[in-house]
Amino acid sequence: MSEKAQNIISYGRQWIDEDDIQAVVDVLRSDFLTQGPAVPGFEQTVAAHCRVANAVAVNSATSAMHIACLALDVGPGDSVWTSPNTFVASANCALYCGATVDFVDIDLLTYNLCAKHLAKKLAEAEGLGKLPKVVIPVHFAGTPCDMAAIRDLSHRYGFSVIEDASHAIGAHYNDSVTGDCRHSDITVFSFHPVKIITTAEGGIATTNSMELARKMQLLRSHGITREPAELKAPNVGPWYYEQQSLGFNYRMTDMQAALGASQMKRLQYFIECRQQLANRYDDLLANLPLTLPHRPGNIRSALHLYPVALHDASQRRRVFDALRAAGITANVHYIPVHTQPYYQAKGFKHGDFPHAEAYYAGAISLPLHPGMTNADQDRVVKAISEALR
Ligand SMILES: *Cc1c(COP(=O)(O)O)cnc(C)c1O
């Protein structure tokens, strides 16, 4: 089918089926469009999958990270550390709260925040009295960070942990399901269309702490409560509510939640498709001058991305353009956050986090999403093989 052969193959995209569409249409015919019964239903579905006590759904992972920081009392004078190899939202959430941001360089096997670098930086920071309030490890490409090591450090140095698991719903680390918060205070997932499952826009924060969950529930909706037991003043009537903190309108809609709940039914299948494609890439690309993504034995990656690193970084632009010319929109993850002009203006410099910069220089994320066929994948392999010849 020559028409099919001309399709653009993008690095990631959603897979919506008729059940998903019906779930959204059902909400449109119901009484509730914004946060109604579908939101708690979706929260329960995600919490059950993650084996975690609470899940708080919001309109994006960015919003979830913001209210997660606020729930952990991040504010002016505090410092939050994250990976430079991430989307800017992982760092921006701390700035929203008036805190400062710093970064911990990555390890060159998984491209995740390196627990050894973290240990070293914490020891130095302790001497200077500048320990972070929160550390945000990012499960890059769907591969969980070394959470046991990070949790040990959090107990030793007294910081909280927010997992940015935007890439990683469905991942496992040892016998822990990502999102169970066994090694963290809060875990955040994103449901942007390129991620593992989608709600169009959307995110969720999971936690085993009732207190953190309640704080986040209030923050997502203006800091307002109607719960009789929570009211500070007398409850003067059924119309009465109280604003008790400075919250936001970060609510997820019932249409989004219904889509998410429907997508959750296919989470395992989506990951199996990604797994199969990744295994196939592993085989088909094995002899090219590329470093293929490493998958540690004690984890199951959700395989959001298939990032390859060119041995010769100077070829990256040429290879990227050759893929584009072949109708393949690869991508690059990530421009190190500290090299963004906004962060450079805060004093960060090129060279501050050399591993993240070295990895970025040769990085290309090849298309990987469950709707991709083997034929699509063969086209990608052919294009990159020719470009590297
Ligand atoms: C996508 C993404 C986010 C932001 O998610 P949104 O739902 O688009 O706000 C944050 N962190 C990482 C690592 C991401 O990939």
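The values are calculated or read from the model by the stated rules, or taken from the named source; none is laboratory data. If you're wondering where the values come from, they're calculated on a predicted model, not measured in any experiment. A quick note on method: Cβ atoms are made from the backbone with ideal geometry, for glycine too, and the neighbour counts reach across all protein chains shown. Heads up: the accessible areas ignore ligands, DNA and RNA and are worked out on the full protein's heavy atoms, side chains in. Shrake-Rupley method; radii C 1.70, N 1.55, O 1.52, S 1.80 Å.
All but one of (1) over 22 Å from Phe191 (Cα atoms); (2) surrounded by fewer than 17 Cβ atoms within 10 Å (Cβ to Cβ) hold for His222; which doesn't?
The one condition His222 does not meet is (2).
Please enumerate the residues belonging to the stretch 354-369 that are open to solvent by 20 Å² or more (accessible area, probe 1.4 Å) and either away from the ligand (no atom under 16 Å from the Cβ) or assigned to a loop (DSSP other than H, G, I, E, B) (or both).
Pro354, His355, Glu357, Ala358, Ala361
Considering the stretch 173-187 alone, what residues qualify as being outside any strand (DSSP E or B) and either hydrophobic (A, V, I, L, M, F, W, C) or open to solvent by less than 10 Å² (accessible area, probe 1.4 Å) (or both)?
Scanning the stretch 173-187 gives Thr178, Gly179, Cys181, Ser184.
Taking the conditions exactly as written (polar (S, T, N, Q), closer than 21 Å to Ile67 by Cβ and in contact with a Pro (Cβ under 7 Å, 6 or more places away or on another chain)), does Thr178 satisfy them or not?
When the stated conditions are applied, Thr178 passes them.
Is it the case that some residue within the stretch 188-203 is within 14 Å of the ligand (Cβ to nearest atom), more than 22 Å from Tyr111 (Cα to Cα), in a strand (DSSP E or B) and in contact (Cβ under 8 Å) with a residue 12 or more places away in the chain?
The answer is yes; a qualifying residue exists.
Is it the case that some residue within the stretch 39-60 is in contact with a Cys (Cβ under 9 Å, 6 or more places away or on another chain) and surrounded by fewer than 16 Cβ atoms within 10 Å (Cβ to Cβ)?
Yes: the stretch 39-60 contains one or more residues that are in contact with a Cys (Cβ under 9 Å, 6 or more places away or on another chain) and surrounded by fewer than 16 Cβ atoms within 10 Å (Cβ to Cβ).
Select from the stretch 245-263 the residues that are aliphatic (A, V, I, L, M) and crowded, with 21+ Cβ neighbours inside 10 Å and write down the one among them that is nearest to Trp15 (Cα to Cα). If you could, list the steps in order and put the result at the bottom.
Here is the first cut: in the stretch 245-263, the residues aliphatic (A, V, I, L, M) are 246, 252, 255, 257-259, 261.
Add one more test, that the residue is crowded, with 21+ Cβ neighbours inside 10 Å, and what stays is 252, 255, 257-259, 261.
Numbers: Met252: 20, Met255: 16, Ala257: 16, Ala258: 15, Leu259: 11, Ala261: 14 Å.
Step by step, filter the stretch 245-263, then rank; the result is Leu259.
If you go through the stretch 114-136 one residue at a time, do you hit one that is open to solvent by 10 Å² or more (accessible area, probe 1.4 Å), closer than 17 Å to Ala71 by Cα, of a type in the set (D, E, K, R) and more than 16 Å from the ligand (Cβ to nearest atom)?
The answer is yes; a qualifying residue exists.
Could you list, in sequence order, the residues of the stretch 286-308 that are assigned to a loop (DSSP other than H, G, I, E, B) and either over 19 Å from the mean Cα position of the chain (by Cα) or over 15 Å from Leu368 (Cβ atoms) (or both)?
Ala286, Asn287, Leu288, Pro289, Leu292, His294, Pro296, Gly297, Asn298
Can you pull out every residue in the stretch 160-172 that is assigned to a loop (DSSP other than H, G, I, E, B) and away from the ligand (no atom under 14 Å from the Cβ)?
Across the stretch 160-172, the qualifying residue is only Gly170.
Would you mind telling me which numbered condition in (1) in contact (Cβ under 8 Å) with a residue 12 or more places away in the chain; (2) more than 23 Å from Tyr281 (Cβ to Cβ); (3) surrounded by fewer than 22 Cβ atoms within 10 Å (Cβ to Cβ) Asn374 fails?
If we test Asn374 against (1) in contact (Cβ under 8 Å) with a residue 12 or more places away in the chain; (2) more than 23 Å from Tyr281 (Cβ to Cβ); (3) surrounded by fewer than 22 Cβ atoms within 10 Å (Cβ to Cβ), just (2) comes out false.
Here's a check for you: in the stretch 116-166, which residue that is touching a Leu at 6+ places or on another chain (Cβ under 9 Å) and polar (S, T, N, Q) is nearest to Phe353 (Cα to Cα)?
By that ranking, first place goes to Thr143.
Under the condition of being over 26 Å from Asp102 (Cβ atoms) and assigned to a loop (DSSP other than H, G, I, E, B), which residue from the stretch 317-335 is most open to solvent (accessible area, probe 1.4 Å)?
For the stretch 317-335, the residue satisfying everything is Ala326.
Filter the stretch 90-99 for residues that are open to solvent by 10 Å² or more (accessible area, probe 1.4 Å) and either touching a residue at least 60 places away in the same chain (Cβ under 8 Å) or not hydroxyl-bearing (Ser, Thr, Tyr) (or both); which is farthest from the ligand (Cβ to nearest atom)? Spell out how you get there, then give the answer.
Applying the first criterion (open to solvent by 10 Å² or more (accessible area, probe 1.4 Å)) to the stretch 90-99 yields 92, 95-98.
Next, only the ones that are either touching a residue at least 60 places away in the same chain (Cβ under 8 Å) or not hydroxyl-bearing (Ser, Thr, Tyr) (or both) stay: 92, 95, 97-98.
Details: Asn92: 9, Leu95: 14, Cys97: 16, Gly98: 20 Å.
Here the residue is Gly98.
Among Val56, Val74, which is in contact (Cβ under 8 Å) with a residue 60 or more places away in the chain, among the β-branched types (Val, Ile, Thr), within 16 Å of the ligand (Cβ to nearest atom) and touching a Lys or Arg at 6+ places or on another chain (Cβ under 8 Å)?
It is Val56.
Residue-wise test of (1) part of a helix (DSSP H, G or I); (2) within 12 Å of the ligand (Cβ to nearest atom).
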residue	(1), (2)
Ala205	no, yes
Lys232	no, no
Tyr240	no, no
Gln256	yes, yes
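Among the numbered criteria (1) farther than 15 Å from Ala47 by Cα; (2) within 16 Å of the ligand (Cβ to nearest atom), which one does Gly223 miss?
For Gly223, the failing item is (2).
Taking His338 as the residue in question, decide whether it is open to solvent by less than 30 Å² (accessible area, probe 1.4 Å), farther than 17 Å from Leu388 by Cα and not in a helix (DSSP H, G or I).
It is false that His338 is open to solvent by less than 30 Å² (accessible area, probe 1.4 Å), farther than 17 Å from Leu388 by Cα and not in a helix (DSSP H, G or I).
Mind telling me which of the residues Arg280, Arg274 ends up being in a helix (DSSP H, G or I), of a type in the set (D, E, K, R) and open to solvent by less than 30 Å² (accessible area, probe 1.4 Å)?
Going through Arg280, Arg274 in turn, the sole match is Arg274.
Which count do you get for residues in the stretch 225-238 that are in contact (Cβ under 8 Å) with a residue 12 or more places away in the chain and either surrounded by 12 or more Cβ atoms within 10 Å (Cβ to Cβ) or in contact with a Cys (Cβ under 8 Å, 6 or more places away or on another chain) (or both)?
Number satisfying all stated conditions: 2.
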